[in-house]
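Report on the following structure.
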Amino acid sequence: MNQTTLDALAAFPQQLEAYYDIIPTGSKNWKPDSWEGIPSEPFSAIEQICHVRDIEVDGYHERFRRTLQETNPALENVDGETLAIARAYAAAEPAEVFAAFRAARVKTLETLSTLTAEQSERTAVFDGAPITVRGLVHMLCSHDQQHLAGLQWLMARIDGSRINQTAES
């Protein structure tokens, strides 16, 4: 497995928490009037981190397991909006979310660090296209980056909403 990608996956939990921490305390559940241009799913800051945690476990752990154990499985997408409602993301405790996510990422890295070259080449179908285990790793890394960008996008919109509030006063 590519060490640069594994290093990025290992560094991500700390980066996610740092990006989340720049969101003002009173804005953790803030949502804009329009989600146009958001580089991740349209979730508030707290919902973003819950989503990342759940995609790690319900999405990627399951995708890796199935691809490594089954012959060319058709992998499912996870409906993030349904999970957000069912698991009450808006009421989540950030410290608990981050602890669960860090533990899940450790498990992911343990799985990936022991893959043989043959296992990295195992195939599945995801989003209607063929993919290898190695490709799934890159998809996970891409998903991570989307959510860092999503938190930055939210911060920009939160900042902008404060300008509007000041101008209206």
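A short reminder: the numbers here are calculations on the coordinates, not readings from a lab. What you are looking at is a predicted structure, and each value in this text was computed from that prediction instead of being measured. Using ideal geometry, Cβ is built from the backbone for each residue, glycine included, and neighbour counts are taken over all protein chains shown.
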- Task: Alpha carbons only, please: Rg and Dmax for the chain, in angstrom.
- Result: 17.3, 63
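Order of Ser40, Ser34, Ser120 from fewest to most other C-beta atoms within 10 Å? Walk me through the numbers before you get to the answer.
Details: Ser40 21, Ser34 9, Ser120 17.
Result, fewest neighbours first: Ser34, Ser120, Ser40.
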- Note on the structure: Between Ile22 and Asn72, the two model label points (7 Å from Cα along the beta-carbon direction) sit apart by a distance in nm of 4.5
- Note on the structure: TM-like helix rule applied to the chain (DSSP H, alpha carbon span at least 24 Å on the long axis, mean Kyte-Doolittle at least -1.0) gives 3-21, 94-113, 133-168
- Roughly how many whole Å is it from the C-alpha centroid of the stretch 90-169 to that of the stretch 52-72? 14
- Item | Extension reserve of the Asp79-Ala99 stretch, reckoned as 0.36 nm per residue once the Cα distance is removed | 5.0 nm
- Item | Evaluated at q = 0.26, 0.27, 0.29 Å⁻¹: base-10 log I(q)/I(0), Debye formula over Cα of the stretch 28-67 | -0.84, -0.87, -0.93
- Given charges of +1 on the Cβ of Lys and Arg and -1 on the Cβ of Asp and Glu, with all other atoms neutral, how large is the dipole of the chain about its Cα centre, in debye to the nearest 20? 240
- Item | Per-residue Cβ neighbour rank within 10 angstrom, fewest leading, His143, His138, His51 | His138, His143, His51
